[in-house]
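Here the structure is laid out as structure tokens; the discussion comes afterwards.
Just so it is clear, none of the values below were taken in a lab; they were calculated from the coordinates. Values in this document were obtained by computation on a predicted structure and should not be read as measured data. Cβ placement follows ideal geometry from the backbone for every residue including glycine, while neighbour counts extend to all protein chains displayed.
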Amino acid sequence: MSKLSRRRFLKGTLSGGVVTLGLPLLDVFLNENGTALADGLPIPMRFGTWSWGLGMSKEIFVPNKTGPDFDLPEEIAALAPVQKHINLFTNFHVFKDDAPNLCHHSGWVVLRSGIAPMTRENRPGETIDVSVARQIGNATRFRSLSATATGDVRDSFSYEGGNSVNTPEWSPLRFYNRLFGDDFQDPNAETFTPDPRVMVRKSALSAVQDEAKKLEKSLGAEDRARLDQYFTGLRDLERRFDLQLSKPDPREACIVSEAPADLPSGLDADLVSTRHRMMTDLMLMAVACDQTRVFNIFYASAFSATTKLGYDKPHHTATHEEAVDPTVQCQPNVSWYTRRAMEEWAYYVQALADFKEGDGSILDNALIYATTDQSFAKLHAIDGIPMFSAGTAGGRVKTGLHIDGDGSPGCRLGYTAQRLMGLDIESWGSKSNNTSSEISEILV
């Protein structure tokens, strides 16, 4: 039997018009191993980030054993069901060099941009998800997507520049409507009809861009630079219009559920958990429907204000006011908050692993990069900030490992991730955070 293209459609006529019927992602579209499409194109690679706030309690978080089959101290015991899918990175450092240690800011900014910020308003460079999205995000409706479990649109760890923060979705219902509202093109629909509204928008945008080219000739250098920056966003909009006017490839895992009920505002730990799981499920459906290939989930902000029923201090306040109990080697209530975060990290990883794709899962075709803002938040420490990865990036990453960084730059993980996502960079990070050393222990 000759190989079929995944773009093959069943064609017929109805009332004088052409009707096309898309085929599902059949085994015949895959190679013999189910790891790539039969025409040689790989199953799409995805990149995600996940974040939690306020670090860890080192004595009950960092395993004693490195390599495979590492032990799970009390604070990360919840990771047992997903241990085989993740890597844990400890004893990697963030360096501030001549910049100040900006509490709950410097750590995450360096790990996501490679550069130590000089002020709290300073967001140097661009975050790793933005860089990766430029590489792998252009073939989808959304170059990248972000969602937060805090319910606060200001809680973002993603930016394109100092004044261009990528605001996250904060409401499950709003997020659902954005993903699966009127502009959504179901990749498994029997027929495809281009949305006339999109056609009108694209025509209008093209006309505006033609006028801009004429205007550009009459402007000075600085104004031309500003206009070019403005139209960079419009070119991305035009790209999205083009995608919406083309029949999307069938996606076996794309099954859109009913709209969720919205949630009340608030930061009670149980409510944050519910919101996180709803956002995770919606985000993974967006990935399964190939709406995006780059995505961020923010479980908690750097100044995490999550609350605990029956305890009068939110997470951030507790890190500074609660005493360390030597009998349990931690601040008991602070540790409770961290354990809840690890439960949600486990949920997130398991949700990715449960999405079937080819002969594996979406997690098998993804790499997730997880960071926090401090190591020991009581002292605003940024040395030894823990990090995680999840997924095998298409079989190129080993998992189930604990890696001791021996004081080397934490940017090594971000550098490794970008190289795995196809970025042709010789190094990443500035000054002491600069590295050209991949974490070879996790590479196949």
Length-normalised contact order of region 371-441 in % [C-alpha pairs under 8 Å, at least 6 apart]: 22
Residue 173: net charge of surrounding residues, Cβ under 14 Å, Lys/Arg +1, Asp/Glu -1, itself excluded? -1
Region 329-428 shape via C-alpha gyration tensor axes, a/c threshold 1.5: oblate
Whole-Hz ³J(HN,Hα) for each residue in region 108-120, computed from phi via Karplus 6.51 cos²θ - 1.76 cosθ + 1.60 with θ = phi - 60°, x for glycine and proline: what do you get? 6, 5, 5, 5, 9, 10, x, 10, 6, x, 8, 9, 5
Extended-chain gain in nm, criterion 0.36 nm per residue less alpha-carbon gap, residue 121 and residue 424: 106.1 nm
In this structure, the FRET efficiency calculated for residue 317 and residue 217 from their beta-carbon separation, with R0 = 56 Å, to the nearest 0.05, is 0.45
Do the alpha carbons of any pairs in 96/398; 84/313; 217/431; 58/84; 96/308; 313/431 sit beyond 29 Å of each other, and which pairs? 96/398; 84/313; 217/431; 96/308; 313/431
Take the Cβ-Cβ distance between residue 80 and residue 255 as r, set R0 to 30 Å, and report the resulting FRET efficiency rounded to the nearest 0.05. 0.55
Once the other residues with Cβ under 12 Å from the Cβ of residue 67 are scored (Lys, Arg +1; Asp, Glu -1), what is the net sum? -2
Under 14 Å by backbone N from the virtual spin label 7 Å along Cα-to-Cβ at residue 398, the residues of region 86-125 are 86-88
Quick one: what are the phi-derived ³J(HN,Hα) couplings along region 316-321, Karplus 6.51/-1.76/1.60 with θ = phi - 60°, whole Hz, x for glycine and proline? 4, 4, 4, 4, 9, 9
Could you let me know the centre-to-centre spacing of region 367-444 and region 70-127, using Cα atoms, in angstrom? 9
Excluding residue 101 itself, calculate the net charge of residues whose Cβ lies under 13 Å from the Cβ of residue 101, where each Lys or Arg counts +1 and each Asp or Glu counts -1. -2
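Looking at region 44-139, which trypsin sites (Lys or Arg not before Pro) are in a loop (DSSP not H, G, I, E or B) and have at most 15 other Cβ atoms within 10 Å?
Answer in residue order: 65, 120.
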Find, among the GluC sites (Glu not before Pro) in region 342-444, those assigned to loop by DSSP (not H, G, I, E, B) with at most 13 other beta-carbon atoms within 10 angstrom. 426
Just grab the label-to-label distance for residue 379 and residue 173, each label 7 Å out from Cα along the Cβ direction, in nm (one decimal). 4.7
